[in-house]
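Worksheet: the structure to be examined is printed underneath.
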Amino acid sequence: MEVFNFRRFKINPVIRAFIIADLALLSGWGLVDPIFAVFVKDRIEGATVVTIGIAAAIYWIVKSLLQIPVATMLDRIRGERDDYMILILGLALSGVSGFGFVLVDQIWQLYLVRVIQALAFALYIPAWYSIFSRHLDKDHRSFEFSLDSTVTGLMAGMAGLLSGFLVQWFGFVIVFILAAIASLASAGIILMVPEIIYPHHRRADHVVGDHTPKGINK
């Protein structure tokens, strides 16, 4: 398999693509997190700090409750086709929620978009981890997980710093549009991965194989 050198480490193309996709997604939403409370207070009539708290609770509770059923379903289905499709669906919904925030001007709309965002990440996270963990290089598992955490954390931090300036210069809308675009860009990166992880019996007929190491379930 083609590899790319990172100092003395080798990272296979699947891991590289998934790290870049994760980087794009979390950088986009990293723009939103620091300004979200101010957005709610300034843009939504009647919103209070209680509204912000409820919106936060909706996201974390819905995402947390849905992740386990999604993960259980993915584990029961052999192969990676289900993981791949759920991953793309999650990213698409993430983009929808980003554009949805642009249209929000009432509290109930805010809560609805937060549910969509929570569903998006409840789909994305188990599917991303499922595929990513199967393709880890056996000698560099800790490094590759840490590399993903490091680069996404650094970019999310930089995005948080940038978000305040963007809102001050251009308003709230640009931040949510960029988050939506980042989600769709992440989906675009993932859509290129089948050329790497799908067996090529016929170019037009991709069938996802099961890359789980032999004997792992025994």
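The values are calculated or read from the model by the stated rules, or taken from the named source; none is laboratory data. All of these numbers come straight from a predicted model, not from anything done at the bench. No Cβ is skipped: glycine too gets one built from the backbone with ideal geometry, and neighbour counts run over all protein chains shown.
Pairs please, first residue from the range 10-38 and free of Cβ contacts under 8 Å to residues at least 24 places away in the same chain, second anywhere and part of a strand (DSSP E or B), Cβ atoms under 7 Å, 6+ apart in sequence or on different chains.
If the second residue must be part of a strand (DSSP E or B), the pairs left are Arg16/Phe4.
Could you look through the range 135-168, keep only residues that are among the small types (Gly, Ala, Ser) and touching a residue at least 40 places away in the same chain (Cβ under 8 Å), and pick out the one that is nearest to Leu26 (Cα to Cα)? Give the steps one after another, and end with the answer.
Step one: list which residues in the range 135-168 are among the small types (Gly, Ala, Ser), which gives 142, 146, 149, 153, 156-157, 159-160, 163-164.
Checking which are touching a residue at least 40 places away in the same chain (Cβ under 8 Å) leaves us with 156-157, 159-160, 163-164.
On the way: Ala156: 6, Gly157: 10, Ala159: 9, Gly160: 11, Ser163: 13, Gly164: 17 Å.
Filtering the range 135-168 for residues that are among the small types (Gly, Ala, Ser) and touching a residue at least 40 places away in the same chain (Cβ under 8 Å), the one nearest to Leu26 (Cα to Cα) comes out as Ala156.
Which residue is surrounded by the most Cβ atoms within 10 Å (Cβ to Cβ), if the candidates are limited to the range 129-162 and must be in contact with a helix residue (DSSP H, G or I) (Cβ under 6 Å, 6 or more places away or on another chain), under 26 Å from Ile58 (Cα atoms) and not β-branched (Val, Ile, Thr)?
Here the answer is Ala159.
Determine whether the range 179-195 contains at least one residue that is in a helix (DSSP H, G or I), modelled with pLDDT of 85 or more, within 21 Å of Val40 (Cα to Cα) and in contact with a Lys or Arg (Cβ under 8 Å, 6 or more places away or on another chain).
Within the range 179-195, none of the residues are in a helix (DSSP H, G or I), modelled with pLDDT of 85 or more, within 21 Å of Val40 (Cα to Cα) and in contact with a Lys or Arg (Cβ under 8 Å, 6 or more places away or on another chain).
Quick one: Phe172 ticks every box in (1) of a type outside the set (Lys, Arg); (2) surrounded by 16 or more Cβ atoms within 10 Å (Cβ to Cβ); (3) under 22 Å from Ile88 (Cα atoms) bar one, so which box is it?
Phe172 satisfies every listed condition except (3).
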